[in-house]
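Before any comments, here is the structure.
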Amino acid sequence: MNLKSVKQQLRSRIMEERKVLPAAVRSEYSAQVCRLLAEHEQLARARAIMAFHPFGVELDILPFVEEAQTRGQEIWLPLTIPSDRRLIPYRYEGKHMLKQGVYGIWEPDPALAQEADLSKLDAVLVPGVAFDREGGRMGYGGGYYDRFLAALGSRPFLVGIAFSMQVIDKVPREPHDICLDGLVTESGFFQT
């Protein structure tokens, strides 16, 4: 079986398993992850953090986003450009500046939001489907984050965000895959 098939099967299996997590459990685990993110020293020192708006049954990091803004940190959310398969981060200042994007994900509306200054980026909270404790990450298959991270001039602190049921022994990797520096689940914050 080729790597693409292996990844597709793994992606389908984990997404199905994540879907059946009860809403109350997702909510409880999301709150634990937000606490761990808020307590992390390197994230607390970050001037600008690129986050993401949770979609479907992804872990909800919005309480952390709000807390970081209260602390005076700049929060960015990515706008997806499907034609180029790339992300453009915009400063996030509230729900009023969001619109539903091409995948149904709430994204910044360029008419209402200011494009972020990439030289300020200190940390990126990275969504995904599967992760391992060695910095491996498997996304949804579009390569958006790998492309975005590879194009940055300097490397920010990269943190995967997941439920512990999304953590596997070894994520299948390809040469272009970018390793993460940390992973946070409801079970803890792990440096990779």
Do we have any residue at all in the stretch 121-131 that's under 30 Å from Gln9 (Cβ atoms), among the small types (Gly, Ala, Ser) and assigned to a loop (DSSP other than H, G, I, E, B)? yes
Inter-residue pairs, beta-carbon under 8 Å, first over 16 Å from Val129 (Cβ atoms) and in the stretch 140-161, second assigned to a loop (DSSP other than H, G, I, E, B) and among the hydroxyl-bearing types (Ser, Thr, Tyr), 6+ apart: none
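Sort out which residues of the stretch 98-124 are of a type in the set (A, V, I, L, M, F, W, C) and closer than 21 Å to Arg47 by Cα, and write them in order of number. Working first, answer last.
First, the residues of the stretch 98-124 that are of a type in the set (A, V, I, L, M, F, W, C): 98, 102, 105-106, 111-113, 116, 118, 121, 123-124.
Across the stretch 98-124, the qualifying residues are Ala113, Ala116, Leu118, Leu121, Ala123, Val124.
State the number of residues belonging to the stretch 70-94 that are more than 15 Å from Tyr145 (Cβ to Cβ) and in contact with a Phe, Trp or Tyr (Cβ under 8 Å, 6 or more places away or on another chain).
Kept after step one, since they are more than 15 Å from Tyr145 (Cβ to Cβ), are these residues of the stretch 70-94: 70-75, 83, 90-94.
From what is left, the residues that are in contact with a Phe, Trp or Tyr (Cβ under 8 Å, 6 or more places away or on another chain) are 75, 90-92.
Looking only at that region, the number is 4.
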Test result for Val65, within 18 Å of Val129 (Cα to Cα), assigned to a helix (DSSP H, G or I) and either open to solvent by less than 10 Å² (accessible area, probe 1.4 Å) or not hydrophobic (A, V, I, L, M, F, W, C) (or both): no
Members of the stretch 27-43 that are open to solvent by less than 50 Å² (accessible area, probe 1.4 Å) and either assigned to a helix (DSSP H, G or I) or basic (Lys, Arg) (or both): Ser30, Ala31, Gln32, Val33, Cys34, Leu36, Leu37, Ala38, Leu43
What number of residues within the stretch 132-156 satisfy the criterion of being more than 12 Å from the chain's Cα centre (by Cα) and not in a helix (DSSP H, G or I)? 13
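Filter the stretch 1-35 down to the residues that are hydrophobic (A, V, I, L, M, F, W, C) and touching a strand residue (DSSP E or B) at 6+ places or on another chain (Cβ under 8 Å), then identify the one that is modelled with the lowest pLDDT.
To start, the set of residues in the stretch 1-35 that are hydrophobic (A, V, I, L, M, F, W, C) comprises 1, 3, 6, 10, 14-15, 20-21, 23-25, 31, 33-34.
Applying the additional criterion that residues be touching a strand residue (DSSP E or B) at 6+ places or on another chain (Cβ under 8 Å) yields 10, 14, 33.
On the way: Leu10: 92, Ile14: 95, Val33: 98.
Filtering the stretch 1-35 for residues that are hydrophobic (A, V, I, L, M, F, W, C) and touching a strand residue (DSSP E or B) at 6+ places or on another chain (Cβ under 8 Å), the one modelled with the lowest pLDDT comes out as Leu10.
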Filtered residues of the stretch 91-132 (kept if more than 14 Å from Glu74 (Cα to Cα), loosely packed, with under 14 Cβ neighbours inside 10 Å, in contact (Cβ under 8 Å) with a residue 24 or more places away in the chain and not hydroxyl-bearing (Ser, Thr, Tyr)): Gly104, Pro110
All-but-one check, Gly141 against (1) modelled with pLDDT of 95 or more; (2) open to solvent by 20 Å² or more (accessible area, probe 1.4 Å); (3) out of contact with any strand residue (DSSP E or B) (no Cβ under 9 Å at 6 or more places or on another chain); (4) not β-branched (Val, Ile, Thr), failing number (1)
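When only residues in the stretch 33-56 that are hydrophobic (A, V, I, L, M, F, W, C) and closer than 18 Å to Arg155 by Cβ count, which is farthest from the chain's Cα centre (by Cα)? Give the steps one after another, and end with the answer.
Step one: list which residues in the stretch 33-56 are hydrophobic (A, V, I, L, M, F, W, C), which gives 33-34, 36-38, 43-44, 46, 48-52, 55.
With the extra rule that they be closer than 18 Å to Arg155 by Cβ, the set shrinks to 43, 46, 48-51.
Numbers: Leu43: 14, Ala46: 16, Ala48: 14, Ile49: 11, Met50: 8, Ala51: 6 Å.
Result: Ala46.
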Which one of these does Ser12 not meet: (1) closer than 18 Å to Gly141 by Cα; (2) open to solvent by less than 30 Å² (accessible area, probe 1.4 Å)? (2)
Against the definition (surrounded by fewer than 18 Cβ atoms within 10 Å (Cβ to Cβ), of a type outside the set (A, V, I, L, M) and farther than 30 Å from Gln8 by Cβ), how does Pro172 come out, yes or no? no
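The values are calculated or read from the model by the stated rules, or taken from the named source; none is laboratory data. Note that the structure is a prediction, hence the values are computed from the model and not measured. So basically every Cβ, Gly included, is an ideal-geometry build from the backbone, and we count neighbours across all protein chains shown. Each accessible area value is taken on the protein alone, full model and side chains, heavy atoms only, with ligands, DNA and RNA left out. Shrake-Rupley method; radii C 1.70, N 1.55, O 1.52, S 1.80 Å.
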